[in-house]
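Q: One structure follows; several queries about it will come next.
The values are calculated or read from the model by the stated rules, or taken from the named source; none is laboratory data. All figures in this text were calculated on a predicted structure; none of them were measured in a lab. A quick note on method: Cβ atoms are made from the backbone with ideal geometry, for glycine too, and the neighbour counts reach across all protein chains shown.
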Amino acid sequence: MPWVLANFEFKFKPIVLVRHPIARALSQLNTFSHLKNKQPGFIVLQINNNDIYKENEHYLNSLNSLSEQKVALWCINNINTLSDLNVNKKTIRVYYEHLLLDPKNELTKIFNDWGLDLIIKQTVLRKESSTTTKQGLPTDIMLQLNKWQNTLDDDMRKKIQSYLIILNSNYIIQMKGYH
């Protein structure tokens, strides 16, 4: 995002959509189910602009599961953008979880920031994603948001949470209502 903002001009602030790192990691593993039984291991590709992966290769390879590795990669990939004050001033951060809980309010905030009127012609703002249709969308939005929490045992949840704290210890990333 810092590169995009430095190289492009926008009429309206771009939206940075952020999903909880654990939910995103588990969703990715569910979507790409062939990864579930793969042993964790991280190989740094020999390409340009991958210094951040080289710097963290030993750490990533020390993790015991793909879930842990995916959460760590989320942090590595997002920490600079989410903590960059310039990015925060020039973009609108929208949390996936907030958008799911209260889409009208989140859309209103976006349109207000853009100085536009929001006109909603559709009363149902929720639609199943292609991966959700396999199980169906829960009628209770909180079930949808929290379903990933039931896939982790307490030990794994605590372990991954400790990685989030360690990786983000120098920054404040607020994801209201999520721990």
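Residue-by-condition table, conditions (1) in contact with a helix residue (DSSP H, G or I) (Cβ under 7 Å, 6 or more places away or on another chain); (2) surrounded by fewer than 18 Cβ atoms within 10 Å (Cβ to Cβ); (3) modelled with pLDDT under 80:
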site	(1), (2), (3)
N7	no, yes, no
F12	yes, yes, no
A25	yes, no, no
Q28	yes, yes, no
H34	no, yes, yes
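Q: Given the options N105, N78, N61, name the one that is touching a Gly at 6+ places or on another chain (Cβ under 7 Å) and modelled with pLDDT of 65 or more.
A: It is N61.
Q: In addition: Looking only at residues that are buried (at least 16 other Cβ atoms within 10 Å of the Cβ) and among the hydroxyl-bearing types (S, T, Y) in the stretch 90-112, which one is nearest to I141 (Cα to Cα)?
A: The residue in question is Y96.
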